[in-house]
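K.L.:
One structure, as structure tokens, below. Some questions next.
Please treat every number below as a calculation from the coordinates, not as lab data. For clarity, every value in this text was computed on a predicted model and none was experimentally measured. With ideal geometry, Cβ positions are generated from the backbone for all residues, glycine too; neighbour counts draw on all protein chains shown.
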Amino acid sequence: MSTSLFAADRPNLIVIYTDDQVHDAIGYSNPDVKTPHLDALAARGVIFDRAYVSSPICAASRASLMSGTFPQENGVVGLAQQNFDPHRKGGEKAHLTLPSQLNKLGYHTVLHGKSHLRNPLHYGFQTGRESGPHDDVETFADVKEFLATYKKEDPFFLWLAPRQPHMPLLPAQEWLDLYPLDSIELPSNYRVEPLPNSIFNQGVPGELFFRDSDYPKNAKKLSGGPPRSPEVMKEFIQYYYAVVSHLDHQIGAFMTQLEEAGEADNTWIFFLSDNGYHLGDHGLGNKITMHEESVRVPMFAVPPKAQQNGGEQVRTKSLVSSLDIYPTLIELAGGEAPADTRGKSLSALVANPDSTQHEYVFSECVGVGGEAGQGHRMVFDGTLKLVLTDTDEYHLYDLANDPDELTNLFASSKPLPKELPQLHAELSTWMKSIGDRATPALP
Ligand SMILES: [Ca+2]
């Protein structure tokens, strides 16, 4: 793919934005997961193997993507739905949201599925609606109707945000049948419960969540946190994967409809999730932490037909941020993202998957405990991950040698890497730039 092709003439833009899908809960990264439609779609574009969200929790991740800013910059830092101020920084530096920018560039903008920032029309979408809590059918019915009735004067920007595989996990039996329990593998870093350490805090210090009271259907309500036995965890994973496969099926049907509507030839599709999910790894459920399972998501981009690569899978190992979506879409629409937008257009990386999108990615999750500033932050250079926890402890992981993030180098006898001071400087500079507090000295 060439850069000139990236500047196609006002293509339609679709973002498929799933909910709580961990990075390897997709077939092209994990053969245990059955997602034939997503695998085929991804094979027509570029897979971003190392994509990180700016915040591993629903509302903060979404507001961040819509505004092109980190949570502490736009004020939506937590879990609960909040009235999202479309003008970041309280209006001092008025900055239109992604849908508002695309409206100005002549796009028809529509959201169907989960907004989680209250009414999507409030922050720039022209049409669409937030679907109900059990939207596995409703959201896809809404987008089907949108495509069927869409008038073709203007290109469209469709934000398709199904709630799956978020709780509750209620798959039909046909999807569960794809995953016999005896075929389910536990994660290599599975534990019955986490070690007592602030790195695992998911609320106020020491608080842990599984949030699976609706799983499985009709089951006795389970308590909110660990311990979680191997048997229970395998059943949980079975339900989770089954929901992912159902979601894949629905996306496949939508792609067929897009094709039949004659729009596939002039549409860019981006796929990602708002955050990952702990499936018993480290003894955890839910997200919120800075571990890979929480902050890393499946993500890929598919260009219009004429620019596709003929079904040969293309993957990039470069670090990518969810914040890159905003400037990428603005560029595709022929506009220019505001200078202080945090992400960077993916155009150069799509044209050359061997290139480097970011030297460092950052993430934060500081609003869950209910007190401002409480939570975790991280910087990651692709090998080393430095985390500052909510009790001011630093953790350092070497993912090249420890991909499961089991050894905190500060608590081991291993020598600290020479890159550590630079990593700390990057974390410190970034935290200051988003209005976070000063970083403590390294141990
Ligand atoms: Ca989510």
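K.L.:
Which ³J(HN,Hα) values, rounded to whole Hz and listed in residue order, are derived for the range 422-432 from phi using the Karplus coefficients 6.51, -1.76 and 1.60 in 6.51 cos²θ - 1.76 cosθ + 1.60 with θ = phi - 60°, glycine and proline given as x?
P.N.:
5, 4, 5, 5, 4, 4, 5, 4, 5, 4, 4
K.L.:
Another question, if that's okay. Give me the extension gain from S198 to N309: residue separation times 0.36 nm, minus the current Cα-Cα distance, reported in nm with one decimal.
P.N.:
Between S198 and N309, full extension yields an extra 35.4 nm.
K.L.:
Given DSSP loops and a limit of at most 14 other Cβ atoms within 10 Å, what is the longest stretch of the chain that contains no such trypsin sites (Lys or Arg not before Pro)?
P.N.:
222-417
K.L.:
Additional query: 5 Å is the cut-off here: which amide hydrogens, built 1.01 Å from N in the peptide plane, fall below it relative to F156, excluding neighbours closer than 5 in sequence?
P.N.:
Residues meeting the criterion, in which the H sits 1.01 Å from N, are N12, L13, H108.
K.L.:
Okay, helix-only estimate at 222 nm for the chain: each DSSP H run of n ≥ 4 adds -39500 (n - 2.57), divide by all residues, round to 500 deg cm²/dmol; what do you get?
P.N.:
Result for the chain, helices only: -7000 deg cm²/dmol.
K.L.:
Assign one of three labels to the range 3-354, namely rounded, prolate or oblate, based on the Cα gyration tensor with a ≥ b ≥ c the square roots of its eigenvalues; rounded applies when a/c is under 1.5, prolate when it is not and a/b is larger than b/c, and oblate otherwise.
P.N.:
It comes out prolate by the Cα gyration axes.
K.L.:
Right, next: For the range 388-443, what does the alpha-carbon gyration tensor say about shape, rounded, prolate or oblate, given a ≥ b ≥ c as the root eigenvalues, a/c under 1.5 as rounded, and a/b over b/c as prolate?
P.N.:
Note, shape of the range 388-443 comes out prolate.
K.L.:
To the nearest 20 debye, what charge dipole does the range 3-354 have about its Cα centre, counting +1 at the Cβ of each Lys and Arg and -1 at the Cβ of each Asp and Glu?
P.N.:
About 760 debye.
K.L.:
Would you work out if the range 330-399 is rounded, prolate or oblate? Take a ≥ b ≥ c from the square roots of the eigenvalues of the alpha-carbon gyration tensor; rounded if a/c is under 1.5, else prolate when a/b is larger than b/c, oblate otherwise.
P.N.:
Oblate shape, in that a/c is at least 1.5 and b/c is the bigger or equal ratio.
K.L.:
Output ³J(HN,Hα) for the range 290-305: one whole-Hz value per residue in order, computed from phi by the Karplus curve 6.51 cos²θ - 1.76 cosθ + 1.60 with θ = phi - 60°, and x for Gly and Pro.
P.N.:
Each residue's phi maps through the Karplus curve to give 9, 6, 3, 4, 9, 9, 9, 10, x, 7, 7, 10, 10, x, x, 3 Hz.
K.L.:
Pick from A337, A264, A141 the residue whose mean-square fluctuation is largest in a GNM of the chain, springs joining Cα atoms under 10 Å.
P.N.:
Checking each option, the largest mean-square fluctuation is seen for A141.
K.L.:
Give the calculated FRET efficiency between L186 and L399 to the nearest 0.05, with a Förster radius of 25 Å applied to their Cβ-Cβ distance.
P.N.:
According to the calculation, E is roughly 0.80.
K.L.:
While we're here: Taking every DSSP beta bridge that has both residues in the chain, what percent is antiparallel when rounded to the nearest 5?
P.N.:
45
K.L.:
What list do you get for E231, E331 if you sort them by fewest beta carbons within 10 Å?
P.N.:
Lowest to highest Cβ neighbour count: E231, E331.
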